[in-house]
Amino acid sequence: MVDTPPVLIRDGGVIRDGFSPELDELRELAAGAHRYLEELEAREKAATGISTLKVAYNRVHGFYIEVSRASAHLVPMHYVRRQTLKNNERYIIPELKEYEDKVLNAQSKGLALEKKLYEALLDRLLEQLQPLQHSAIALAQLDVFANLAERAESLNYCRPQLTGDEVIDIEEGRHPVVEQVMSEPFIANPLLMSEQRKMLVITGPNMGGKSTYMRQTALIVLMAYIGSFVPAQRARIGKVDRIFTRIGASDDLASGRSTFMVEMTETANILNNASRHSLVLMDEIGRGTSTYDGLALAWSCADALANRLHAYTLFATHYFELTELAGLWSEVVNVHLDAVEHEDTIAFMHAVQEGAASRSYGLQVAALAGVPKAVLTLARQKLAELESGQTLPAREVKKALSRQPDDEALQPSLPLFETEAEPDPALMMLDELDPDELSPRQALALLYQLKQARQTER
């Protein structure tokens with residue numbers, strides 16, 4: 001579709017032909033200039049014998065007769081020179097000057113009349129301004145409702161139930177954007193929050209779906225409150241006054257605020273303004289500082305949200321110490337995003353399960369990202385030392401790194417299995433699965449993951 005440039009009252013053409021006979025007459029006079037110029041040009045060519053003679057118009061010099069320098073000696077005496085160019089001479093004659101004044105006067109009168117008619121039309125519309133505004137608002141609302149209805153029908157949304165109870169109960173919830181851009185089937189997940197289940201501590205691997213799970217919950221609640229159907233099998237939404245989020249990493253260096261400062265500023269806003277009816281999304285609080293500082297802040301923020309504010313809270317974290325909160329506070333429940341692991345490979349199930357995750361799978365995700373094998377080998381060694389509490393001195397770590405072959409240090413970590421002597425990782429994943437525990441969607445998603453692992457292995 002070609003964009004039409006806007007019509008401005010200063011340029012004319014705003015009032016339609018036929019609205020004013022006087023304006024039509026002036027326009028016809030101005031529009032007839034082209035026909036007049038053609039007739040004058042043909043007549044002057046015949047009278048002077050100059051075949052290259054042209055009659056034209058521009059905004060600066062008005063109407064003129066243009067003759068080439070080579071034919072200048074044929075120009076009649078009554079031609080008055082108006083402008084000299086490099087290869088041409090421009091002239092004016094009394095007849096053309098008289099017509100120019102007439103046409104330009106018609107154009108000026110036409111623009112003035114059109115502006116007057118336009119202002120009169122606005123004055124008439126002003127009398128009906130309030131009904132027109134009401135109509136515009138109604139049409140805008142109708143456009144929104146029609147769009148929401150079409151999306152609900154096309155994308156299989158359900159009608160949410162709004163209630164005064166303290167509950168957010170979603171069955172097979174989906175992310176309205178992510179599910180449309182994925183090439184693989186989207187794994188729908190449930191969510192249940194109530195007066196006795198106000199905080200969900202979410203653990204699991206990076207890329208496992210924690211942020212998607214949190215954001216789809218907020219979007220479903222927001223869509224329900226604006227009157228839209230929602231991407232779920234069933235949804236029962238209680239009273240929610242506001243939605244607060246602390247997700248992602250960003251800085252504001254121009255204002256002198258680091259990433260961690262931005263994170264703490266957003267956290268402070270939540271803790272100072274959230275209520276028991278607020279929905280709060282907290283993603284990886286405390287990751288911008290030292291481990292102990294971050295853990296202490298995450299713990300105290302969770303305590304404030306659960307014990308003081310009693311807000312609906314989705315609290316995603318890699319601090320496994322926070323999973324102990326479920327044993328201390330009755331309103332806190334652990335959930336995790338599932339994954340299937342074999343040695344250095346991992347298949348994300350994107351399925352939310354009750355209970356805490358056993359680990360973060362950070363090294364496996366790093367391997368999928370292509371971190372060099374030498375770096376991963378040293379990381380595993382260091383992880384084992386940290387978990388056992390026996391940390392090697394720095395010189396021992398340096399010595400272990402220096403023992404890595406140069407060619408191995410430069411090789412990417414993928415594929416992880418390079419010899420036929422090692423078992424196929426895809427088959428090992430299948431050996432560890434219980435098909436009876438998988439839903440059809442989870443099974444299909446796992447099939448994609450296994451195929452990808454198999455291609456990676458090759």
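Under 5 Å between amide H atoms, partner at least 5 residues away or on a different chain: which partners does residue 228 have, H built in plane at 1.01 Å?
The list, which skips near neighbours in sequence, is empty: none.
Counting only DSSP beta bridges with both residues in the chain, what percent are antiparallel, rounded to the nearest 5?
Once the DSSP bridges in the chain are tallied, antiparallel ones form about 60 percent.
Give me 132, 253, 279 ranked fewest to most by other Cβ atoms within 10 Å of their Cβ, as a rough exposure proxy.
253, 132, 279
In the range 73-150, which GluC sites (Glu not before Pro) are in a loop and have at most 11 other Cβ atoms within 10 Å, using DSSP for the loop call?
127
Could you line up 186, 320 from fewest to most neighbouring Cβ atoms inside 10 Å?
Taking fewest neighbouring Cβ atoms as first place, the list is 320, 186.
Amide H of residue 238: which non-local residues (sequence gap of 5 or more, or other chain) have their own amide H closer than 5 Å, using H built in the peptide plane?
Residues meeting the criterion, in which the H sits 1.01 Å from N, are 163, 167, 168, 169.
For the chain, return all DSSP H helices satisfying: extent of Cα atoms along own axis at least 27 Å; mean Kyte-Doolittle hydropathy at least -1.0.
Values: long enough: 94-126 (48 Å, -0.52); 129-154 (37 Å, 0.23).
Correct list, ordered by number: 94-126, 129-154.
What is the dipole size for the chain, taken about its Cα centre, with +1 at each Lys and Arg Cβ and -1 at each Asp and Glu Cβ, in debye to the nearest 20?
1980
Hey, how many Å between the Cα centroid of the range 228-270 and the Cα centroid of the range 206-221?
Their Cα centres are 12 Å away from one another.
Using the Cβ atoms and a cut-off under 10 Å, what net charge is assigned to the surroundings of residue 314, where Lys and Arg are +1 and Asp and Glu are -1? Walk me through the intermediate numbers first.
On the way: positive: 210, 215; negative: 283.
Net charge in that neighbourhood comes out at +1.
In the range 309-380, what GluC sites (Glu not before Pro) fall in a loop by DSSP, with at most 15 other Cβ atoms inside 10 Å?
Values: sites: 321, 324, 331, 341, 343, 354; in loops: 331, 343.
Those satisfying the criteria are 343.
Below 8 Å, C-alpha to C-alpha, sequence gap of six or more: please give me the relative contact order for the range 161-359 in percent.
Computed value for the range 161-359: 28 percent relative contact order.
Out of the trypsin sites (Lys or Arg not before Pro) in the range 6-114, which ones are loop residues according to DSSP with at most 12 other C-beta atoms within 10 Å?
Taking the range 6-114 and a limit of 12 other Cβ atoms within 10 Å, the loop trypsin sites (Lys or Arg not before Pro) found are 10, 16, 59, 86.
Viscosity 1.002 mPa s, temperature 20 °C: give me the Stokes-Einstein translational D for the range 161-359 in µm²/s, with Rh taken as the Kirkwood radius over C-alpha pairs.
Reported coefficient: 124 µm²/s.
Ranked by Cβ crowding within 10 angstrom, fewest neighbours first, how are 157, 57 ordered? Don't skip to the answer; put the middle values down first.
On the way: 157 22, 57 15.
Fewest to most other Cβ atoms nearby, the residues stand as 57, 157.
Just to be sure I understand the curve: with the Debye formula and one point per C-alpha of the chain, what is log10 I(q)/I(0) at q = 0.06, 0.10, 0.14 Å⁻¹?
-0.56, -0.86, -1.40
Given contacts defined as C-alpha pairs under 8 Å and at least six residues apart, what's the relative contact order of the range 21-126, whole-number percent?
Values: 100 pairs, mean separation 27.3, N = 106.
Once divided by the residue count of the range 21-126, the mean separation gives 26 percent.
If you project the alpha carbons of the range 21-126 onto the principal axes, what extent comes out on each, in Å, largest first?
Each principal axis gives a Cα extent; for the range 21-126 these are 63, 25, 18 Å.
Counting only C-alpha contacts under 8 Å and six or more residues apart, can you give the relative contact order of the chain as a whole percent? All intermediate terms of the calculation are to be shown ahead of the outcome.
On the way: 631 pairs, mean separation 56.2, N = 458.
Dividing the mean separation by the residue count of the chain yields 12 percent.
Rounded to the nearest 500, what is the 222 nm mean residue ellipticity of the chain from helices alone, with -39500 (n - 2.57) per DSSP H run of 4+ residues and division by all residues?
Mean residue ellipticity, 222 nm, calculated: -14000 deg cm²/dmol.
Which of 231, 208, 290 sits closest to the plus end of the dipole of the range 161-359, meaning its Cα is farthest towards the positive end, when Lys and Arg get +1 and Asp and Glu get -1 on the C-beta?
Toward the positive end, the furthest listed residue is 231.
Values in this text are rule-based calculations from the coordinates and carry no lab data. The shown structure was predicted, so the numbers you read here are calculated from the model rather than taken from an experiment. Note: ideal-geometry Cβ built from the backbone for every residue, glycine included; neighbour counts use all protein chains shown.
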